[in-house]
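Visitor: One structure coming up, written as structure tokens, with questions to follow.
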Amino acid sequence: MSAEDAGPRRAAVLGHPVAHSLSPVLHLAAYAELGLDWSYGRHDVDEAGLAAFVEGLDASWAGLSLTMPLKEAIRPLLDRVDPVAELTGAVNTVVLGRDGRSGWNTDVEGIAVALDEQGAASGPSAVLGGGATARSAAAALVQRGSTDVVVVARRPEAAADVLAVAERLGAAAAVLPWRQAGQVLGRDVVVSTVPKGAADGLAAEVPGDPGCLLDVVYDPWPTPLAAAWSAAGGRVASGLDMLLHQAVRQVELMTGRRPDPAPMRRALLEAAAAR
């Protein structure tokens, strides 16, 4: 029996904090478009409470979306992970079924599709940051065809993890310290995965006629970096674009059906504008 034939199901996003998450907006819009009587909520769960929450789920649960700080903490609770999640060490989606708990990474697809929408090139690229999203960004960039990736992070050990992802996929990769971040802004594609405010100082270093920027921050929007990039004539994607497209894949994994992104995008933009 497929997921959509199993009657009303439940799903939710977990994280700490999680009150800001727009995932319910996306998933509920998708359910409406697919004609599914499913519910989707938010649960504030930290690393210490994750195991108890997951063990307490009953058969009505179809899946979970995971945000920080749970993308790595979930791994020991899973029966299997998909190759992308294995590569990046980051799980943002859990599908609950008769065969147990499977972990997936849909952030890589979300990043790749967001860049595709902007017509981003597949040449030399850069990743700003060293966390789970940075590892997903490196994977997305190489999967899109980039063979030259530079990683810029404030913690060298974190940069090494991102570097390893790119190298495992066959790309030439290098690390620069954060003080040299301005040097990579002239690359064809730049993905900033650092928290709100961390890249603001780079706005003054945006070159003339830049390539494509994906800034995963979406509140507030535009960020100073994104505004400067756009003003210089570059193409810009926001964290909302990534969020939309990773959610499309999440819904498909949980329901067995691929939703239309258009109503999801409308609901997302309306919710974001109302904040």
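Visitor: Being under 19 Å from Asn105 (Cβ atoms) and acidic (Asp, Glu) is the filter here; which residues of segment 230-275 pass it?
Guide: Asp241, Glu252
Residue-wise test of (1) touching a residue at least 12 places away in the same chain (Cβ under 8 Å); (2) surrounded by 15 or more Cβ atoms within 10 Å (Cβ to Cβ); (3) more than 22 Å from the chain's Cα centre (by Cα).
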{"position": "Leu14", "(1), (2), (3)": "yes, yes, no"}
{"position": "His20", "(1), (2), (3)": "yes, no, no"}
{"position": "Leu26", "(1), (2), (3)": "yes, yes, no"}
{"position": "Phe53", "(1), (2), (3)": "yes, yes, yes"}
{"position": "Glu72", "(1), (2), (3)": "yes, yes, no"}
{"position": "Pro83", "(1), (2), (3)": "no, no, no"}
{"position": "Thr93", "(1), (2), (3)": "yes, yes, no"}
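Visitor: In this structure, does Ala73 turn out to be on the phi < 0 side of the Ramachandran plot, in contact with a helix residue (DSSP H, G or I) (Cβ under 9 Å, 6 or more places away or on another chain) and assigned to a helix (DSSP H, G or I)?
Guide: Working: on the phi < 0 side of the Ramachandran plot: yes; in contact with a helix residue (DSSP H, G or I) (Cβ under 9 Å, 6 or more places away or on another chain): yes; assigned to a helix (DSSP H, G or I): no.
No: the conditions fail for Ala73.
Visitor: So which of Ala247, Ala227 is aliphatic (A, V, I, L, M), buried (at least 21 other Cβ atoms within 10 Å of the Cβ) and either at pLDDT 95 or above or within 19 Å of the chain's Cα centre (by Cα) (or both)?
Guide: Ala247 is the lone residue from the list that is aliphatic (A, V, I, L, M), buried (at least 21 other Cβ atoms within 10 Å of the Cβ) and either at pLDDT 95 or above or within 19 Å of the chain's Cα centre (by Cα) (or both).
Visitor: Output the residues belonging to segment 250-266 that are surrounded by 21 or more Cβ atoms within 10 Å (Cβ to Cβ) and in contact with a helix residue (DSSP H, G or I) (Cβ under 6 Å, 6 or more places away or on another chain).
Guide: Val251, Thr255, Pro259, Met264
Visitor: Would a scan of segment 245-252 turn up a residue that is in contact with a strand residue (DSSP E or B) (Cβ under 7 Å, 6 or more places away or on another chain), under 21 Å from Ala112 (Cβ atoms) and aliphatic (A, V, I, L, M)?
Guide: No, segment 245-252 contains no residue that is in contact with a strand residue (DSSP E or B) (Cβ under 7 Å, 6 or more places away or on another chain), under 21 Å from Ala112 (Cβ atoms) and aliphatic (A, V, I, L, M).
Visitor: Which fully enclosed strands (runs of 3 or more DSSP E) of segment 170-275 have 3 or more residues being closer than 15 Å to Val152 by Cα and touching a residue at least 40 places away in the same chain (Cβ under 8 Å)? Break it down into steps so the answer makes sense when it comes.
Guide: Working: elements: 172-177, 189-192, 212-215, 235-238.
The strands (runs of 3 or more DSSP E) meeting that bar are 189-192.
Visitor: Can I ask one more? Given the structure, is Thr133 surrounded by fewer than 24 Cβ atoms within 10 Å (Cβ to Cβ) and touching a residue at least 24 places away in the same chain (Cβ under 8 Å)?
Guide: Criteria not met by Thr133.
Visitor: What number of residues within segment 9-48 satisfy the criterion of being farther than 21 Å from Asp260 by Cα and of a type in the set (Asp, Glu)?
Guide: Looking only at that region, the number is 3.
Visitor: OK, next. Quick one: which of Gly123, Gly89, Gly119, Gly41 is touching an Asp or Glu at 6+ places or on another chain (Cβ under 8 Å) and surrounded by fewer than 16 Cβ atoms within 10 Å (Cβ to Cβ)?
Guide: Exactly one of Gly123, Gly89, Gly119, Gly41 is touching an Asp or Glu at 6+ places or on another chain (Cβ under 8 Å) and surrounded by fewer than 16 Cβ atoms within 10 Å (Cβ to Cβ), namely Gly123.
The values are calculated or read from the model by the stated rules, or taken from the named source; none is laboratory data. None of these values were measured; they are calculated from a predicted model. Ideal geometry is used to build each Cβ from the backbone, glycine not excepted, and the neighbour counts take in all protein chains shown.
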